[in-house]
Amino acid sequence: EKTVVLLNPGVGDKLQLSNTDNMLASQTQAESSADSKVAVSWSVCEGSEHDQGYRLKLTHAHDVSQFTWHSKGDYFATVMPDGQTRSVLIHQLSRRRSQNPFSKSKGSVQCVRFHPLRPFLFVATQRYVRVYNLLKQELSKKLQANCKWVSSMAVHAEGDNVILGSYDSKMSWFDLDLSTKPYQTMKHHKKAIRQVCYHKKYPLFASASDDCSLIVCHGRVYNDMLQNPLIVPVKVLRGHKAEKGVGILDCVFHPSQPWIFSAGADTTIRLYT
């Protein structure tokens with residue numbers, strides 16, 4: 001709904017878990033919010049909620065549809081589709097403050113992603129992806145999605161390539177050094193694509209669709225600027241069943257193994273190895 005909850009999940013190294021709690025406890029709210037127009041309240045979870053792993057709660061003005069971390073872990077962004085000029089907010093964990101990077105509404109925002117290495121923010125609306133330079137606070141590029149309705153977006157670990165999934169079952173690969181139009185458009189699915197993702201270490205990317213198929217492709221990016229990316233479909237994975245016309249909702253690669261997890265409308269999460 002309108003809240004974003006930060007959890008300490010209680011898994012992994014005990015020292016790391018206690019360090020996480022100590023770090024969060026030592027941080028204090030920024031005395032005066034730099035952006036008074038941002039209606040986000042930060043609150044510390046206590047009592048039974050704290051025992052369940054809840055640590056911080058951010059209450060927004062509208063329903064939140066997406067959340068994404070910056071690679072360094074201090075910043076994260078949230079998307080409120082009904083927020084108009086405040087549909088994208090950036091939050092800083094160490095100072096517990098929220099800011100609105102945009103003063104004007106750019107259309108219905110579908111999803112946002114941070115650039116993994118440089119201070120860029122990718123904002124996908126229904127038909128375009130705007131790339132903003134957060135340091136200079138200016139528009140750097142505008143990508144033409146070549147589809148009717150963008151559903152999802154993933155940024156390559158090196159940051160120069162982007163894939164977009166769309167509800168009209170197309171997937172577009174952009175080479176940012178090459179053009180603002182798609183380098184390649186793939187129509188492997190028969191129904192809407194709900195999610196796309198890159199693997200962090202292997203040259204793989206995947207798309208999940210309402211046709212209950214999860215398609216893994218080989219996508220190699222070369223260091224040589226003159227050599228274009230190589231894209232080859234590798235595997236079609238099936239296993240989910242459609243519920244009310246909706247198939248696979250989300251997919252994500254394992255951080256180090258060539259494995260992929262998928263979440264379906266049939267209430268199951270599946271792991272393919």
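Label Val11 and Ser108 with points 7 Å out from Cα along Cα→Cβ: what is the distance between them in nm?
About 3.4 nm separates the two model spin labels.
What full-extension length gain, to one decimal in nm, is calculated for Ser71 and Arg118 as 0.36 nm per residue of separation minus the Cα-Cα distance?
15.9 nm
Going Cα to Cα from Lys104, which lysines come in below 18 Å? Please leave out same-chain ones fewer than 8 positions away.
Hits, sequence-local ones excluded: Lys37, Lys136, Lys141, Lys142.
Using modelled amide H (1.01 Å from N, peptide plane; none on Pro or chain starts), what sits under 5 Å from the amide H of Lys235, excluding residues fewer than 5 places away?
Val216
The range 68-120: which trypsin sites (Lys or Arg not before Pro) are DSSP loop and have at most 11 other beta-carbon atoms within 10 angstrom?
Lys72, Lys104
Sticking with the crude label model, points 7 Å out along Cα→Cβ, report the distance from Lys2 to Thr59 in nm, one decimal please.
About 0.7 nm separates the two model spin labels.
Once both axes come from the Cα atoms, what is the angle between helix 14-26 and the longest principal axis of the chain, in degrees from 0 to 90, rounded to 10?
That works out to roughly 60 degrees.
Carbon and sulfur: what percent of the chain's accessible surface (1.4 Å probe)? Present the calculation step by step, with values, prior to reporting the outcome.
Values: 7290 of 14790 Å².
Summing carbon and sulfur atoms, their accessible area is 49 percent of the total for the chain.
Which FRET efficiency value, to the nearest 0.05, do you get for Leu178 and Ile269 by plugging their Cβ-Cβ distance into 1/(1 + (r/R0)^6) with R0 = 30 Å?
Approximately 0.25, to the nearest 0.05.
Enumerate the calculated ³J(HN,Hα) couplings along the range 236-253 in order (Karplus 6.51 cos²θ - 1.76 cosθ + 1.60, θ = phi - 60°), each rounded to whole Hz, writing x wherever the residue is Gly or Pro.
Calculated HN-Hα couplings, in order: 10, 9, 10, x, 7, 10, 6, 10, 6, x, 9, x, 8, 8, 8, 8, 8, 7 Hz.
So what are the three principal axis dimensions of the chain from its Cα atoms, in whole Å, longest to shortest?
51, 40, 40
Any aspartates and glutamates with Cα under 12 Å of the Lys2 Cα? List them, leaving off those in the same chain fewer than 8 positions away.
Asp63, Asp82
Please sort by residue number the trypsin sites (Lys or Arg not before Pro) in the range 161-247 whose DSSP state is loop and whose Cβ has at most 16 other Cβ atoms within 10 Å.
Counting only loop positions with at most 16 other Cβ atoms within 10 Å, the trypsin sites (Lys or Arg not before Pro) in the range 161-247 are Lys187, Lys190, Lys200, Lys201, Lys241, Lys244.
Keeping to pairs on different chains or 8 or more places apart, tell me how many lysine pairs in the range 165-208 have Cα atoms under 23 Å apart. Spell out each step's value before the answer.
Values: Lys170/Lys181; Lys170/Lys187; Lys170/Lys190; Lys170/Lys191; Lys170/Lys200; Lys181/Lys190; Lys181/Lys191.
The result is 7.
The values are calculated or read from the model by the stated rules, or taken from the named source; none is laboratory data. Since the model is a prediction, treat every value here as computed from it, not as a measurement. Here the Cβ is made from the backbone with ideal geometry for all residues, glycine too, and neighbour counts use every protein chain on show. Side chains are part of the model used for accessible areas, which takes the heavy atoms of the whole protein and leaves out ligands, DNA and RNA. Shrake-Rupley method; radii C 1.70, N 1.55, O 1.52, S 1.80 Å.
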